[in-house]
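Encoded as structure tokens, the structure appears first; notes follow it.
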Amino acid sequence: MKKEVLGKFITIIACLCLFVAAFAVIFINNNYVQSIKKLVRSTTTANISELTVVKSQYLDEKIEYELKALQLLAFNIGERNGIFSCSELIREYQKLHGATNMWVLDINGNSWSSIESDVLSKEKDRLFTPALKGETAMSDVFMGLLGKRQVLFQTTIIHNGQIVGGVYEAYSLEQLQNTYGSSTYNNSGYSYVLDKNGTIMLAPVRFSYLQIYSNFRDVLKDGKNSNKAINDFMMALQNCSKGSAVFDFEGQSQFLSFTPLQAKKGWYFVTVIPLNMVEEDGVAIVDIAMRMSAVIILTMVLIVAAVLFSIYLRNRSRRKYNMYIRRIYGAIAQNIDTVICIVDVKESLVEYTFENSQEILGIPPQKFLQPVSEQDSEFLHELKQILQRRPAEKAVWELYLFNDVTGKNMWLEITALPVNLQGIDKYIFAVTDVTADRQNRELLNTAVAEAKQANAAKSNFLSSMSHDIRTPMNAIVGMTKLAQIHIDNKFKVNDCLQKIDVSGKHLLNLINDILDMSKIESGSMVLSSEAFSLPRLVNGDLDILQTQCRSKSQQLLLETKNIVHEELLGDTLRLNQIFLNLISNASKFTPENGKIIFAVEELPQRTPGYAAYRFSVSDNGIGIAAEFLPNIFTPFERENNRSVGNIEGTGLGLAITKNIVEAMGGRIWVESTEGKGSIFTVELELQLQVEREISTCGKALQGIRILFVGSLNDEAKKLVAYMTDFGMLVKTVASEAAAIQELYSNDQYKLVIITDEVYSVAGSARSIREVCPSLKLGVFSDGSNSLLLDDDIAGKTVDDIFCKPVFKGVLCQKLLQMLVISDNIVSDKVSTSILDSRRFLLAEDNALNREIIVELFAMFGAQVETAVDGKEAVAAFESRPTGYYDAIFMDIQMPLMDGYEAAQKIRCSQKLQAGTVPIVAMSGNVFAEDVQAAKQAGMNAHIGKPVDIDAICKVLHELLK
Ligand code: ADP
């Protein structure tokens, strides 16, 4: 991180340096260019001035040479007698020097000319005079023959020390110009010869300025130069100065260098060179310098760019590497339950933390990278403290910390390992959440303890079992012996048999419970789902236990609250088991005259398609000791006190109940105070049936008149409201007298219901019955007067009892039976006449069982043929004519062929009756899955062993009707 920032900083500084360097180069370069320009210009102008001087010297030398040669000629002429006698010599001279003409003039005015036509004219006198005055000189320009511009060299001829005349040489300007050349400075410039007034003496050969300009001032004026500059230049000429100037003419800036001629006073030699030519070299040098600068800058830029690029590449590969490492860390982090922190020892800072710290510890990894701060949570602070530890070698700690971020306690295993990575000392900390391991270990320990406890409980149970089994067995063996001894004493034998019966039933219960428990514990309990009516189920359970309660003069009441759904789906066998167990316990552990309330409440719906219920069984019995409460649902546990010890039981009922409740997805709990009573509560969700149409039930009841006698308390109001819902016409009267009066005035009433709150309900019932003997009469009762009422029902005073609390479905059913279909009601009392003159086949491997059935059936006029296994049974069925057997009773566990297979074989046989002959399973396996398996094998019904003649008759009624 730090390195990255440093890298960026260096890059920015490098860029800044580059800019500064480039700017400096440009700035220096600019100044340098300017100074080069100046230097080159001054060097060039110095060169041109020198060139001008050199060229002017050529002209000077030429003039001096011509004058000297002419002096020599004059001397030769002066040596002769007669100055006109040397014409040959002069002509030779003319030829040699290329003069256009030669003259000789004596002081008397006589003359000789080498060209006769070119006689000395008067105007030219002024030109010829200096020689006659003893001067040797060159004249100004004059027009010679054919208008040619020329100059005149002249010198004095001296004879015997006397000036006798002069000799003259006309010389063409062109020739004179040839001495210094027509052009200069690589043909880019040219030269003028001016006099000090600016008059052009010798014009450049290549221009014809002669015709246009006679004075150089005009040239300058035409070039639009300032008067001051022109005047300064003219002044310089006047002052015989040597110098240079820049003027514009001929459409460009021209550089002028001028120097006075030595051989001709007042004449100037002027060199003109276009200024751009003067600066050409400078420009070229500047150009080269610029190029060099550009190359330097470009090189610098390239170097810096290369440096930056290499830094970038290095950074990028480092970044890529870091990214790669981070990805690896990330991948590792995703797959392990350990947070890794790498700590730099020197900086004392966490430099990397695996991403999984958020998931495992609830702390984002960045938080570890920051130094310790006040804002850190306590958990993070503790962890940071641990990360400061520097053990000399690998160390492992296990800590129990409260994680205030997640609000949970955690077991952390922290390993610290000192390492040296590329010469840098680091520590790798591995933080693993071992809470689950710890918990598992603890669970395991608890499980072991529990298993030990359960084992101990089982051993206890076994010892108590042997006691519990032995007790009824003793009774059975003892009573059998007694019966044998008193075989002739009918009364004694009967008494013994009754006791054997009771003990046998107790033994059966015990065995059933053990089987049930082992079934539940092995996890093989299967719940069935069948349609049932909740009120019927509840009332049925109450009916079953009512007798037990009455025998102890206990009140068993039902309370309902918010019941909306009555038609449900569920395993009624198991539901009954729950309620019967709880209610029978309540009755068992409640002394005489106690009160037991079974309350059913429908709770707000939690799952669509299901209704939630709370069932509670409360009693005011002996209660449960606080220390026993936690073990109450543990199998084989019974409270160890005297009052319980005397009560019959196995200690399995509640364990079975709890397991069933939990298998149904519900829960069960108990509240109890010793000596005051207990409340067992079960909460269950039960699947809803598509509600049976009560309105159809109601249709049949529509318009029927009912007279209700008594006050309208809450339950009575509910009853009246339900009946009104069914379309019945209900009239309410408060007393027996009012009821009798109403019955006299209206004979349309079909039913009178009297509440048991009416004083002397039985008396009132009898009075009403006397008035209207054909009327149906019901009592609305909570069951407390039931003994009295039962008698009345038996005495036909009262037709039926409407139990409180009222369930709509049950009420509808009851009313229908009383008022609409009462004639068709089949009595619940099962008749054994169904057995009369029947023939059955019994497959049973146990000889004793075979004998019991054969004997039992024979008592009711039925004949039973037997088979000792499935195979024999199939053979018997196939060997007999069609319709020979009315039904087949099939044991399940048999040698050679079991009952299921035998049933299947019979169903598949070729006999006409194969598909229709009723087959009834008769088995000791009585669970829901056993019933189901029997049905799947093609059997029609299932009867549990030991067989009950009533159960057999009931099944046969169904199958043979
Ligand atoms: P069992 O009734 O066959 O002994 P349970 O499992 O049904 O077995 O009950 C276990 C024990 O819980 C009973 O022995 C008794 O000590 C206690 N118990 C159960 N129900 C009640 C109750 N309603 N009042 C007091 N004690 C109870």
Requested in this report: Could you list all residues from the stretch 365-392 that are in contact with a Phe, Trp or Tyr (Cβ under 9 Å, 6 or more places away or on another chain) and loosely packed, with under 14 Cβ neighbours inside 10 Å?
Outcome: E378, R389, R390, P391
Query raised in the report: Does any residue in the stretch 226-254 that is of a type in the set (V, I, T) come within less than 7 Å, Cβ to Cβ, of a residue that is assigned to a helix (DSSP H, G or I) six or more places away or on a different chain, and which pairs are these?
Result: I230/R217; I230/L220; I230/K221; V246/L275
Report task. List the number of the failed condition for C549; all other conditions in (1) within 48 Å of the chain's Cα centre (by Cα); (2) hydrophobic (A, V, I, L, M, F, W, C); (3) part of a helix (DSSP H, G or I) hold. Result -> (1)
Requested in this report: Name the residue, out of L557, L527, L580, that is hydrophobic (A, V, I, L, M, F, W, C) and at pLDDT below 85.
Outcome: L527
Query raised in the report: For the stretch 113-124, does any single residue satisfy the condition of being within 21 Å of M201 (Cβ to Cβ), surrounded by fewer than 21 Cβ atoms within 10 Å (Cβ to Cβ) and out of contact with any Asp or Glu (no Cβ under 7 Å at 6 or more places or on another chain)?
Result: yes
Report summary line: Considering the stretch 272-304, residues that are over 18 Å from V40 (Cβ atoms) and among the β-branched types (V, I, T), and then whichever is surrounded by the most Cβ atoms within 10 Å (Cβ to Cβ), we arrive at V272
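Among the residues of the stretch 101-111, write down those that are in contact with a Leu (Cβ under 8 Å, 6 or more places away or on another chain) and surrounded by 19 or more Cβ atoms within 10 Å (Cβ to Cβ). Spell out how you get there, then give the answer.
Residues of the stretch 101-111 that are in contact with a Leu (Cβ under 8 Å, 6 or more places away or on another chain), as a first pass: 101, 103, 105, 107, 111.
Within the stretch 101-111, N101, W103, L105 qualify.
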Query raised in the report: Taking the stated definitions as given, is M525 farther than 30 Å from V806 by Cβ and touching a Ser or Thr at 6+ places or on another chain (Cβ under 9 Å)?
Result: no
Query - Inter-residue pairs, beta-carbon under 9 Å, first touching a residue at least 60 places away in the same chain (Cβ under 8 Å) and over 14 Å from I296 (Cα atoms) and in the stretch 15-37, second open to solvent by 90 Å² or more (accessible area, probe 1.4 Å) and assigned to a helix (DSSP H, G or I), 6+ apart - result: V33/M290
Query raised in the report: Where residues in the stretch 891-916 are over 60 Å from the mean Cα position of the chain (by Cα) and hydroxyl-bearing (S, T, Y), which of them is least open to solvent (accessible area, probe 1.4 Å)?
Result: S909
Requested in this report: Might you check whether a residue that is at pLDDT below 85, open to solvent by 30 Å² or more (accessible area, probe 1.4 Å), away from the ligand (no atom under 11 Å from the Cβ) and of a type in the set (A, V, I, L, M, F, W, C) occurs anywhere in the stretch 672-691?
Outcome: yes
Report summary line: Within the stretch 629-647, of all residues that are more than 7 Å from the ligand (Cβ to nearest atom) and at pLDDT 65 or above, the one most open to solvent (accessible area, probe 1.4 Å) is N640
Report summary line: Across the stretch 248-271, the tally of residues that are open to solvent by less than 50 Å² (accessible area, probe 1.4 Å) and either charged (D, E, K, R) or on the phi > 0 side of the Ramachandran plot (or both) stands at 2
Report summary line: Flagged pairs (Cβ under 9 angstrom, 6 or more apart or on separate chains; first in the stretch 297-314, closer than 19 Å to A22 by Cα; second surrounded by 13 or more Cβ atoms within 10 Å (Cβ to Cβ) and hydroxyl-bearing (S, T, Y)) are L308/T11
Report task. Could you list, in sequence order, all residues of the stretch 353-387 that are touching a strand residue (DSSP E or B) at 6+ places or on another chain (Cβ under 8 Å), of a type in the set (S, T, N, Q) and assigned to a loop (DSSP other than H, G, I, E, B)? Result -> N356
Query raised in the report: Does I888 satisfy being over 60 Å from the mean Cα position of the chain (by Cα), part of a strand (DSSP E or B) and not small (G, A, S)?
Result: yes
Requested in this report: Determine if the stretch 917-934 includes at least one residue that is at pLDDT 90 or above and surrounded by fewer than 17 Cβ atoms within 10 Å (Cβ to Cβ).
Outcome: no
**Report entry** Qualifying positions in the stretch 945-961 - more than 16 Å from F840 (Cβ to Cβ) and either open to solvent by less than 30 Å² (accessible area, probe 1.4 Å) or in contact with a Pro (Cβ under 7 Å, 6 or more places away or on another chain) (or both)
**Finding:** none
Query - Residues located in the stretch 578-635, provided they are charged (D, E, K, R) and not in a strand (DSSP E or B) - result: K588, E592, R606, E627
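Quickly run through the stretch 552-573 and pick out the residues that are part of a helix (DSSP H, G or I) and surrounded by fewer than 17 Cβ atoms within 10 Å (Cβ to Cβ).
Hit for the stretch 552-573 is L573, nothing else.
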Query raised in the report: Of these, N620, N576, N581, which one is open to solvent by 20 Å² or more (accessible area, probe 1.4 Å), in contact with a helix residue (DSSP H, G or I) (Cβ under 8 Å, 6 or more places away or on another chain) and within 13 Å of the ligand (Cβ to nearest atom)?
Result: N581
Query raised in the report: So which of S35, S49, S42 is of a type outside the set (A, V, I, L, M, F, W, C), in a helix (DSSP H, G or I) and surrounded by 12 or more Cβ atoms within 10 Å (Cβ to Cβ)?
Result: S49
Requested in this report: Kindly indicate the residue of the stretch 593-617 that is within 15 Å of the ligand (Cβ to nearest atom) and open to solvent by 20 Å² or more (accessible area, probe 1.4 Å) and also farthest from L580 (Cα to Cα) among those meeting that condition.
Outcome: K595
**Report entry** Qualifying residues in the stretch 413-429 (those that are free of Cβ contacts under 8 Å to residues at least 24 places away in the same chain and open to solvent by less than 50 Å² (accessible area, probe 1.4 Å)) - the one nearest to L361 (Cα to Cα)
**Finding:** T415
Requested in this report: Return yes or no: is L210 surrounded by fewer than 18 Cβ atoms within 10 Å (Cβ to Cβ) and modelled with pLDDT under 90?
Outcome: yes
Query raised in the report: Does N509 fit the bill of being part of a helix (DSSP H, G or I), farther than 17 Å from A928 by Cβ, more than 15 Å from the ligand (Cβ to nearest atom) and open to solvent by 30 Å² or more (accessible area, probe 1.4 Å)?
Result: no
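The values are calculated or read from the model by the stated rules, or taken from the named source; none is laboratory data. Keep in mind that this is a model prediction, so the values were computed, not measured. As a convention, Cβ positions derive from the backbone with ideal geometry for all residues, glycine included, and neighbour counts pool all protein chains shown. Quick note on the areas: whole protein, heavy atoms, side chains included, nothing else; ligands and nucleic acids left out. Shrake-Rupley method; radii C 1.70, N 1.55, O 1.52, S 1.80 Å.
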